[in-house]
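J.: Have a look at this one before I ask anything.
The values are calculated or read from the model by the stated rules, or taken from the named source; none is laboratory data. Quantities reported herein were computed from a predicted structural model and do not represent experimental measurements. With ideal geometry, Cβ positions are generated from the backbone for all residues, glycine too; neighbour counts draw on all protein chains shown. We work out accessible area using only protein heavy atoms, side chains counted, and drop any ligands, DNA or RNA first. Shrake-Rupley method; radii C 1.70, N 1.55, O 1.52, S 1.80 Å.
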Amino acid sequence: MIRVVCPGSFDPVTNGHLDIIGRSARLHDEVIVAVLRNISKTTLFTVEERVEMLREVTKEHPNVRVEHFNGLIVDFCRAHDVAAIVKGLRAVSDFDYEMQMAQMNYNQAGVETMFMTTNPLYAFLSSSLVKEFARYGGDVAGLVPEPVLRKLTERLATQ
Ligand code: ADP
């Protein structure tokens with residue numbers, strides 16, 4: 001039984017995230033999407049909202065579950081008997097930081113990290129760009145799942 005974790009802020013989940021989650025779900029027995037409750041970072045959506053949106057858009061995958069976490073991902077991995085962390089790599093610019101983080105996690109807890117190359121359709125995509133473009137009237141309809149687009153439009157209208 002191989003259980004892996006896809007960690008992130010998912011503020012909000014994009015089609016790039018979903019691509020990595022779906023591909024991980026085909027390769028492993030179970031995928032936990034772990035949503036970081038980051039107290040030092042201001043987010044557009046609360047952790048509960050981010051978890052709810054992820055649950056909705058991953059419901060077609062029976063082996064994916066969504067949880068939230070605080071603190072270190074390696075502690076989450078120990079507590080949930082997770083074999084490896086799966087991360088998406090978009091561009092070389094992701095690489096330096098991700099490699100350091102992966103080595104630190106291995107050094108601290110022997111937790112492995114596996115990198116999946118992004119689908120080229122989504123290589124430019126990040127939650128922060130989606131929020132920025134949506135805020136100023138950009139069309140992000142093809143970049144996030146439909147229920148997320150609705151929540152995003154609603155939230156930005158109230159700001
Ligand atoms: P973001 O950088 O969008 O704020 P998160 O912190 O939520 O992302 O990212 C969680 C994980 O998803 C990271 O491993 C990140 O590299 C990966 N990821 C984010 N966007 C994409 C994408 N467009 N394609 C592949 N992986 C992605």
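J.: Summing +1 for each Lys or Arg and -1 for each Asp or Glu, what net charge is found among the other residues whose Cβ lies under 14 Å from the Cβ of residue 75?
T.: Summing Lys and Arg as +1 and Asp and Glu as -1 gives 0.
J.: With a 10 Å cut-off between alpha carbons and a GNM built on the chain, which of 128, 24, 40 moves the most?
T.: 40
J.: Hey, what's the chain come to in accessible area per residue, 1.4 Å probe, Å²?
T.: Accessible area per residue, the chain: 57 Å².
J.: For the stretch 80-132, what percent of Cα pairs sit more than 14 Å apart?
T.: Value for the stretch 80-132 (Cα pairs over 14 Å): 59 percent.
J.: Here is a follow-up. Which percent of Cα pairs goes in each bin when the distances of the stretch 30-119 are cut into 5 angstrom slices starting at zero?
T.: Reading upward from the zero bin: 3, 12, 19, 21, 25, 16, 4, 0.
J.: Take each of the peptides 92-98, 8-14, 142-148, average the number of other beta-carbon atoms within 10 Å over its residues, and list them starting from the highest.
T.: 8-14, 142-148, 92-98
J.: Need one value: the accessible area of residue 121 in square angstrom, 1.4 angstrom probe, rounded to the nearest 10.
T.: 120 Å²
J.: First compute the accessible area of the chain with a 1.4 Å probe, then give the percent of it belonging to carbon and sulfur atoms.
T.: So the carbon and sulfur contribution to the accessible surface is 54 percent.
J.: Determine ³J(HN,Hα), in whole Hz, for all residues of the stretch 124-137 in sequence, where each value follows from phi through the Karplus function 6.51 cos²θ - 1.76 cosθ + 1.60 and θ = phi - 60°; x replaces Gly and Pro.
T.: Residue by residue, the stretch 124-137 yields 8, 8, 9, 4, 5, 5, 4, 5, 5, 5, 4, 4, 9, x Hz.
J.: Let me ask something else. Provide the three semi-axes, in whole Å and in decreasing order, of the ellipsoid equivalent to the chain as defined by the square roots of 5 times the Cα gyration tensor eigenvalues.
T.: 25, 16, 16
J.: Name the residue from 17, 61, 159 whose Cα lies farthest towards the positive end of the charge dipole of the chain, charges +1 on Cβ of Lys and Arg and -1 on Cβ of Asp and Glu.
T.: Highest projection toward the positive end goes to 159.
J.: Still on this structure, please answer the following. Quick check: the distance between the Cα centres of the stretch 31-96 and the stretch 114-159, to the nearest angstrom?
T.: Answer, in whole Å: 17.
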